[in-house]
Amino acid sequence: MRKNNGVILVAAGMLLVLSALAALFYNQDQNHKAGQLAQARLEALQTAMASNERLALNPQQITASSIQQNALELDGERYIGYLTIPALELELPVMSDWDYEKLKIAPCRQFGTAKTDDLVIAAHNYKKHFARLADLKQGDEVLFYEVDGTINRYDVVKVDTLNPTEVDRVKNSENALILYTCTYSGKARTAVFCIRADR
């Protein structure tokens, strides 16, 4: 009987190890694909933006309709611009709205706009997306290039860890830009709060 129990325990242990390895390889594959997709979309977006001749929207003219129009469509998806985070050597396109499938491609606008100084951008914690947000420090620069040619400059003022239920702290923070992602455990969120730069 003890011998049978030992065999069962060894088999169960092997199954757990194989499951962990399968999850590791799956996550690495997802990270790799996300990095490739984001890079390809970034290059296409930058090319499209370089040839885009639309004028920047006047803040007094902002409506729900004009916000939707202030995006470029690539491969059936709409993008509002791209982020550059020099301290992380990171440059990523930003999709106009979010859902879980879009997050597999690139960061997504979850709330607000750059024009109204309440932009919230979410992304997965893939290595090629927002995995290193927690490495940012107060004073680090973040740039957001809108599709209309507007360049928005921000400074990091705080990096914080939030509970997943603290949506209001992100949505109504009164910061001009917030970037956030899940921690590796998935039990919390890393949020980077930014204000407009004085440069």
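The values are calculated or read from the model by the stated rules, or taken from the named source; none is laboratory data. Here the structure is a predicted model, which is why all the values come from computation and not from measurement. Accessible surface is based on the protein model in full, side chains and every heavy atom, while ligands, DNA and RNA are left aside. Shrake-Rupley method; radii C 1.70, N 1.55, O 1.52, S 1.80 Å.
Rg and Dmax of region 100-156, based on Cα coordinates, read 12.2, 32 Å. Using the alpha-carbon centroid of each, what span in Å lies between region 151-199 and region 74-123? Value for the Cα centre distance between the two parts: 13 Å. Accessible area of TYR126 (1.4 Å probe, protein heavy atoms only, ligands and nucleic acids ignored): about 30 Å².
With the contact rule set at Cα under 8 Å and sequence spacing of 6 or more, what percent relative contact order holds for region 133-182? Result for region 133-182 is 35 percent. Quick one: what does P(r) look like for region 126-199 with 10 Å bins over all Cα pairs, in whole %? Answer for region 126-199: a P(r) of 19, 49, 29, 4 percent. Only protein atoms count toward the accessible area here, which uses a 1.4 Å probe; on region 105-199, the carbon and sulfur part of that area reaches 46 percent. For a 22 Å ceiling on Cα separation, which of these pairs sit above it: LYS158/LYS187; LYS104/LYS128; LYS104/LYS187; LYS115/LYS137; LYS102/LYS158; LYS115/LYS187? Exceeds cut-off: LYS115/LYS137; LYS102/LYS158; LYS115/LYS187.
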